[in-house]
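J.: Questions regarding the structure given below will be posed in turn.
Readers should treat all values here as calculations from the given coordinates under stated rules, not as data from a laboratory. Computed from a predicted structure; not experimentally measured. Neighbour counts run over all protein chains shown; Cβ positions are idealised from the backbone, glycine included.
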Amino acid sequence: MKAEAINLLIHTSTPELKLTHGNESPVTFSIASFGRNNFRQEFDIFDHINRYWATLPETRQQEIFEVYKQLNQTFASYSFSTGKHLTDLGQSLAKLSEQLLNLHDFEDLHNWIIFKSDIIIPSGFEASYIVSVDKQGNREQTYLRSDYTKLVALSIILRAVIPVWGEYISNTRQETGTTLKEYYALNLIKKAEIFHNEAFEKLRVYIDHTVGTDRYNASRIVDGISSEDFPTWILGLVCVRRLCIADNRGIDPRANAVTYIHKFIIHKSKGSDNAFEDTVKEKDVETPGNDIETKLSSLERYKVKQDISIGEIVELQYLLRDPVKVAFRLSSLMTDDIIRRSLATSQLLLTRRLLDPQVTLLRWVLKPVIPPRVVMYVSKESVVNALGVAQAVLWARGHKYLAALITSYANVADGELFVSGVDSKARLTKEIQAELDKVFPYQKISGGKKSGPKQTNLAVRSIDSVSDGLNMFSWRATADEKFLSEVLQNPSSRRIQIAYDIKLQLAKLVIELGSRSWL
């Protein structure tokens, strides 16, 4: 079986992908939506998948080709001129796309890449991740050698659905719209096994951490995409527009797939192809003068190095060997039942992504006994145990809603687009503000000559940051049903909405922690 891009040089003809197998009649799909030039590069995009198909048994190749024939017939039977039954078309294509991808064994292809292909894995990818304060980024933003080989395998498998995506986007863009066409195309494969495998999950996490806080501004650029949905939208763009056509040969170490998609993610996150009035201008630090912005820009160029003791890391690991003891140290109101239930249910987070708002809350709660910054340098198992401790302590101290929230997980891993309105949240009262100023008297002074100096309470800024982070996602609780029955109106759904007074609840917690009335 073989895939070949045709009609690339004749501009009056539509670029198509022709699939052939033995004596079977060829089937063709439009790939015009990918752009003609993407298939006129110095390398053949379908070379490696063609070679891999050639290693498969004849029966498996026939099965794959039969699915392509069914896909071709499905498109042919759909009346694009009327725009009817678009949902039915999507369901039919999704079922066939699932069959198509499941006929490709990911592990088998991964082994073929490592042991039999001519693909070169760039030497720049390390074998293991070493924690270092001098290293930029974090584990989530780092592709190791093993991660990269799996990404290449994912890239090659996704070539199999290029004809499906190409034909689908070309004929449905009027119904799906320009902005969301890649998202809907990605949904066609969401039930396939690879959509939930390790390589795909790594890509999701990488995109989420690479986008970071840029999602706030970027979501304003893209109409109809909220900040919560922005990483999912980017995932669709990366898979459909970049990963499936990436150059995986490894001939040029600088042209690897990670670099290729990283630049694309940053490009979309910054909104560089949009006329966005809030775009940050590049600052020329070499320009002479006494302008305060120039001085700040010069300082921003220098990395602040923070030393962290190995002993502090070992200390946290050691303390969390006995999380029950830590919980009782943090609260005199602790009971065996509370900590037992909290630790048991928190283990569900081992297979979920832990996000910044949770970790920040965790650091607040653990601060009386454990240095906050150390949390970022320990294993996920230790952090999950610590979250169980934090839940128990918050519950024992009466912060029951926050207790349920800290061990919840963001409902983003399934790839579903979550659309919700942005509700205004209750602001901090004057009394709470005054109490925060009393407990945390140190203020940050900002502002210029025109606006005058402005004082900002750093505790208030931290509360706003955690609140904004929580509001970015929909959450599902992992806490024990006994706890949830006291917090949620519908405990069985486990959906925990961000409370209207979330800032007030966070402020009261911060005041309690800061006034040393915690222990």
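J.: Where does each of Asp337, Asp480 land when they are ranked from fewest to most other beta-carbon atoms within 10 angstrom?
T.: Asp337, Asp480
J.: Further, regarding this structure: At 7 Å along the Cα-to-beta-carbon direction for both Ser128 and Leu8, put a label point, then send me their distance in nm to one decimal.
T.: Those two pseudo-labels are separated by 4.3 nm.
J.: For a protection proxy built on the mean count of beta-carbon atoms within 10 angstrom, sort 321-328, 51-58, 402-409, 167-174 highest first, please.
T.: 402-409, 167-174, 321-328, 51-58
J.: At a 10 Å Cβ-Cβ cut-off, how would you order Ser33, Ser493, Ser342, Ser25, fewest neighbours first?
T.: Least to most surrounded, the residues fall as Ser25, Ser493, Ser33, Ser342.
J.: Okay, next question. Using only the alpha carbons of segment 2-270, what is the convex hull's orientation-averaged projected area in square nanometres?
T.: Its Cα hull, projected and averaged over all orientations, spans 15.2 nm².
J.: Can you sort Arg40, Arg241 from fewest to most other Cβ atoms within 10 Å of each residue's own Cβ?
T.: In increasing order of surrounding Cβ atoms, one gets Arg40, Arg241.
J.: With each label point set 7 Å from Cα along the Cα-Cβ vector, what nm distance links Asn37 and Ser515?
T.: Distance between the two pseudo-spin positions: 6.4 nm.
J.: Could I ask something else about it? If I take R0 = 60 Å and measure r between the Cβ atoms of Lys438 and Asp108 in this structure, what FRET efficiency does the formula 1/(1 + (r/R0)^6) give, to the nearest 0.05?
T.: Result of the calculation: an efficiency of 0.40.
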